Amino acid sequence: MGDFRFHHLERRRVDQALPALVERLYAGGVRIVVRAASAEAVQALNDRLWTYDDASFVPHGAAGDGDPATQPVFLTDKVENPNAATALVLLSGAETSDGDADFERVFRLFDGRDEDALGEARREWKRLKDQGRTLGYWREGDDGGWEKAR
């Protein structure tokens, strides 16, 4: 069952931190679904992954970008896994599902300066803890990396 990792942002915005996380997972051969709260957020992330770094490229797509099964990184606002991903990245406001535990790793990326996102992450932590899930908590470090806090 899934390993749930909460990534608490304190300096960068989600759209600034997400590309590096996705790039690291992709470099490790991991297929990924990124689930956002809306179709507009998916489009913004799609644009961001094309432009975040002139020296990097992460192949990705969303609905309408061809066969989802061929995308190593698939962006969506739906509960789905059309590319047989083993990792799920959940963004604030994205729908959750009991099926999320079928992923090997689930990353919840949230902005700690946003009270709604912080409250949502706390509620989700409690829900998953009550279910006996394996949880990890990572805090953004001064250098922009991640420091395991729990």
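Total residues in segment 84-103 satisfying the condition of being of a type in the set (A, V, I, L, M, F, W, C) and at pLDDT below 95: the figure is 1. Does segment 43-57 contain at least one residue that is in contact (Cβ under 8 Å) with a residue 60 or more places away in the chain and either closer than 14 Å to residue 14 by Cα or not in a helix (DSSP H, G or I) (or both)? Scanning segment 43-57, I find no residue that is in contact (Cβ under 8 Å) with a residue 60 or more places away in the chain and either closer than 14 Å to residue 14 by Cα or not in a helix (DSSP H, G or I) (or both), so the answer is no. Among the residues of segment 101-137, those that are hydrophobic (A, V, I, L, M, F, W, C) and within 13 Å of residue 17 (Cα to Cα) comprise 107, 109, 110. Residues of segment 27-42 that are touching a residue at least 24 places away in the same chain (Cβ under 8 Å), not β-branched (Val, Ile, Thr) and not in a strand (DSSP E or B): 31, 36, 37, 38, 39, 41. Taking each residue of segment 5-26 that is on the phi < 0 side of the Ramachandran plot and looking for partners that are among the aliphatic types (A, V, I, L, M) and part of a loop (DSSP other than H, G, I, E, B) with beta-carbon atoms closer than 6 Å, six or more apart or interchain, yields 22/58; 23/58; 26/58.
A quick yes/no check of all residues on (1) within 21 Å of residue 41 (Cβ to Cβ); (2) touching a helix residue (DSSP H, G or I) at 6+ places or on another chain (Cβ under 7 Å); (3) free of Cβ contacts under 8 Å to residues at least 60 places away in the same chain:
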position	(1), (2), (3)
65	yes, no, yes
71	yes, no, yes
77	yes, yes, yes
85	yes, no, yes
92	yes, yes, no
97	yes, no, yes
103	yes, no, no
110	yes, yes, no
127	no, no, yes
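The values are calculated or read from the model by the stated rules, or taken from the named source; none is laboratory data. Values in this document were obtained by computation on a predicted structure and should not be read as measured data. Here the Cβ is made from the backbone with ideal geometry for all residues, glycine too, and neighbour counts use every protein chain on show.
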